[in-house]
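*Asks:* Below: one structure in structure tokens.
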Amino acid sequence: MKKIVLLLSHFGFTQLLIAQSTYAPLVLDNIQSVVTATGDIGFVPDSSIHLFEAPLGSGLNTLYAGNFWMGGMRTDQQLGLAAETYQAGGMDWFPGPLTVDGNAEITPEQQAYYNQVWVANLADVQTHQAYFQSLEDGTENLVFPMGYAIPLWFYDWPAHGNTSLDQSYYLAPFTDYDNDGTYNPDAGDTPLFCGDKCVFFIFNDKGGFHTESGGNQMGIEVHGMLYGFDQTTAPALENTMFLRYKIINRGTSTFTDTYLGLWADFDIGYSIQDYVGTNVLRSAIYAYTENEFDSLGYGDDLAAQGLMILAGPNADSDLNDNALPDNIFSTETNSYGGLGLGYGDGLVDNERLGLTNSLTYISGTNPINGAPSSPLHYYNFMRSIFKNGAHQVLQDGNDDIQADYIYPDDSDPLFTGTNGIEYEAYSELNAGGQPGDRRILGSCGPFTMLPGEINYLDAAFVFARDSQDSDPLLESLDTRMKEIKLFYNEFLVNCSEESIAIPLGQVETSQPEITIYPNPCEGTFYVTAQGGETLMLFDISGNMVQSTLLQKGMNNIRTSLSCGVYMVKIAGKSTMKTGKLMIR
């Protein structure tokens, strides 16, 4: 048997994790998962703990293990890569933040300190905010007659790095109540995170040699949030767990042809009865039980687990507002496959990638589709290329059609994954495959990652169950994923960022107000302009460090500048405005 799942009572498991801060559970209304300090989802390496339970309290799990991959080519054509599966053969990701001096380093002592996760909840934040509001209103004795004690976890929130060790001053996001740029709960500041409950963690790829993939180090720092919502009556939300990665290039190398990957070993109850597939329309990979009674798992209430890419990294700049195809079938979610977010919305260069590739492989040493055993294997898997260098195909009759997506069924009506070549609905089930123990990878790329650049990867684990067979089950999953994407578009795109438009100080102008937001920002900000103005950023010494010619309307400005406060000047024929921009 490959797997033994440790099943503990909800109370007992929670108590165990309180004493072990290197991992913690995120427990929501109908789903729970464990996450570690180095980003392992659903399992704790070197232990028998595997927990991605749905529904909550059922003792049934849909994910054995999940992890994050990243790879790209340096300008000297050397491959940089960090990719983990079970950590059985080693590690590529390590705890903690890297230095911002270009060396992208971390000491063993700092790794030991950051080998922990931070558990946050919105209820405490709202109480804290209510208390400080009552202080402003002079009603604290009425609203808090018994007084108020700040939760201890507020003081442990890793808002700031150690600048004496060349770490970034700004790490975990926070709400700056007194606008002084420094996190201080005693002054009203609160942790800032997504969802009702969240587990936050920081990891990097420079804490040691990459002993799992064998890849070259990249100098990447990742801030992760596993989060969700509870006390909700929306079936889609109560069966979904969200994941956000903030990815920072702390090194000096530019990476081209970069890919990000979400790797999953789904186990829908009993591990050897699963099929896998890709829902191209929803930018998702998924697994589901076959159309029979699942005797050791979900019984005759069949289950499916999806993993969506809600929005991936920034697409490379082309100075255009790229549109969705005219005949797209999912305009209600403003996305399709590799087109993740920001297409056709009137903004230039704010497009983010979606799911561009998916691939499945088996355990063992099969020279074609066995487990990866070299850095190039891991990298090529993210590009739908097998170990022997052959591209993945769909076997449609006597013809093999090169395909970016594995088992897309009928979810790609525009046939984007086959370069426009049409095929009949193609799933693992109707292709005659046998259920088994699957590993599947969803990825997005290629894109360019500059030194100092920040990118995001937003994803969601969506669970569905149906008492009939696999067709209505996957329809239910599709419906939930559509609802989750709409919810993300409306409420979660900037959920851990301050996004209030702050007008720039007006010096001399007859033009309409120019705004810059969010402020503070994290590498990307927006500026409205009449067109033809020049935006200039100056450091605290007065040196101009960036200059951009603005277009009419909304401008998406990306910067790789270090954290800090910069003077902004926007100058045109009849316009001169100045202000400050905080980058964190």
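*Asks:* With the contact rule set at Cα under 8 Å and sequence spacing of 6 or more, what percent relative contact order holds for the chain?
*Replies:* Relative contact order here is 14 percent.
*Asks:* What pairs in Lys246/Lys482; Lys387/Lys485; Lys206/Lys569; Lys206/Lys482; Lys482/Lys569 have C-alpha atoms more than 31 Å from each other?
*Replies:* Lys387/Lys485; Lys206/Lys569; Lys206/Lys482; Lys482/Lys569
*Asks:* In whole percent, and with a 1.4 Å probe on the protein chains, what portion of the accessible area of region 41-120 is carbon and sulfur?
*Replies:* Carbon-and-sulfur percentage of accessible area, whole number: 51.
*Asks:* Now for a different question. Per 0.36 nm of contour for each residue apart, how much would the distance between Leu319 and Thr163 grow if the chain were fully extended, relative to their Cα-Cα spacing? Walk me through the intermediate numbers first.
*Replies:* Working: separation 156, 0.36 × 156 = 56.16 nm, distance 3.59 nm.
Roughly 52.6 nm would be gained on extension.
*Asks:* Near the amide H of Asn366, under 5 Å away, which other amide H atoms are found, from residues 5 or more places off or on another chain, if H is placed in the peptide plane?
*Replies:* Ala371
*Asks:* Can you list residues whose amide H is under 5 Å from Asn357's amide H, if they're 5+ apart or on another chain and H is modeled 1.01 Å from N?
*Replies:* Ser443
*Asks:* Here is a follow-up. What FRET efficiency do you get for Asp257 and Thr534 if R0 is 30 Å and r is their Cβ-Cβ distance, rounded to the nearest 0.05?
*Replies:* Working: r = 32 Å, r/R0 = 1.08.
After rounding, the FRET efficiency stands at 0.40.
*Asks:* Right, next: What distance in nm lies between label points placed 7 Å from Cα along the C-beta direction at Ser363 and Asp300?
*Replies:* 3.1
*Asks:* Got a sec? What order do Ile385, Ile362, Ile583 fall in by accessible area at 1.4 Å, biggest, i.e. largest, first?
*Replies:* Result of the area sort, largest leading: Ile362, Ile385, Ile583.
*Asks:* OK, next. Ordering Arg250, Arg383, Arg439 by how much accessible area each has at a 1.4 Å probe, largest first, what is the list?
*Replies:* Largest accessible area first, the list is Arg383, Arg250, Arg439.
*Asks:* Report the FRET efficiency, 1/(1 + (r/R0)^6), for Met146 and Gln77, where r is their Cβ-Cβ distance and R0 is 56 Å, rounded to 0.05.
*Replies:* Efficiency computed from Cβ-Cβ geometry: 0.30.
*Asks:* Let me see the P(r) profile for region 521-563: every Cα-Cα distance counted, bins of 10 Å, each bin given as a percent of all pairs.
*Replies:* Reading the bins upward from 0: 27, 53, 20, 0.
*Asks:* Run the lone-cysteine check on the chain: no other Cys C-beta under 4.7 Å from the residue's C-beta.
*Replies:* If one checks each Cβ against the other cysteines of the chain, Cys198, Cys444, Cys521, Cys563 turn up with nothing under 4.7 Å.
*Asks:* In nanometres, what is the gap between the two model label sites at Glu332 and Ser47, each 7 Å from Cα along Cα-to-Cβ?
*Replies:* Placing both labels 7 Å beyond Cα along the Cβ direction yields 4.1 nm.
*Asks:* Let me know the volume per residue of the alpha-carbon convex hull for the chain, in Å³. Each step should come with its number before you reach the end.
*Replies:* Working: hull volume 95.7 nm³, N = 584.
Normalising the Cα hull of the chain by residue number yields 164 Å³.
*Asks:* Can you work out the FRET efficiency for the pair Leu135 and Lys580, with r the C-beta to C-beta distance and R0 = 25 Å, to the nearest 0.05?
*Replies:* Once rounded, the FRET efficiency stands at 0.40.
*Asks:* Here's something else I'd like to know. Return the sequence-ordered ³J(HN,Hα) values of region 116-121 in whole Hz as given by the Karplus equation 6.51 cos²θ - 1.76 cosθ + 1.60 applied to θ = phi - 60°, using x for Gly and Pro.
*Replies:* Result, ordered by residue: 7, 10, 10, 9, 10, 9 Hz.
*Asks:* ³J(HN,Hα) across region 410-417 via Karplus (A = 6.51, B = -1.76, C = 1.60, θ = phi - 60°), whole Hz, x for Gly/Pro?
*Replies:* Once rounded to whole Hz, the list reads 10, 8, 10, x, 8, 6, 5, x.
*Asks:* Continuing with the same structure: Could you state the orientation-averaged shadow area of the convex hull built on the Cα atoms of region 109-205, in nm² to one decimal? Don't skip to the end; give the middle numbers.
*Replies:* Details: hull surface 29.2 nm².
For region 109-205, averaging the hull's shadow over all directions gives 7.3 nm².
*Asks:* Something else about it: Whole angstrom only: what separates the Cα centroid of region 156-205 from the Cα centroid of region 231-304?
*Replies:* 29
*Asks:* Okay, moving on. Could you provide, to the nearest whole Å², the per residue accessible area of the chain with probe 1.4 Å? Present the calculation step by step, with values, prior to reporting the outcome.
*Replies:* Working: 23180 Å² over 584 residues.
On a per-residue basis, the chain sits at 40 Å².
*Asks:* Using label points projected 7 Å from each Cα along Cα→Cβ, tell me how many nm separate Asp156 and Asn489, to one decimal.
*Replies:* 3.9
*Asks:* Right, here's the next one. Whose amide H sits under 5 Å from the amide H of Gln546, counting only residues 5 or more places off or on another chain, with H placed in the peptide plane?
*Replies:* Leu537
*Asks:* What would the Debye formula give as log10 I(q)/I(0) at q = 0.15, 0.18, 0.19 Å⁻¹ for the alpha-carbon point model of region 312-466, no solvent?
*Replies:* Results for region 312-466 at q = 0.15, 0.18, 0.19 Å⁻¹ read -0.94, -1.25, -1.34.
The values are calculated or read from the model by the stated rules, or taken from the named source; none is laboratory data. Remember, predicted model here, so these are calculated numbers, not experimental data. Cβ sites come from the backbone with ideal geometry, for glycine too, and all protein chains shown count toward neighbours. Remember, those area values only see protein heavy atoms, side chains included, never the ligands or the DNA or RNA. Shrake-Rupley method; radii C 1.70, N 1.55, O 1.52, S 1.80 Å.
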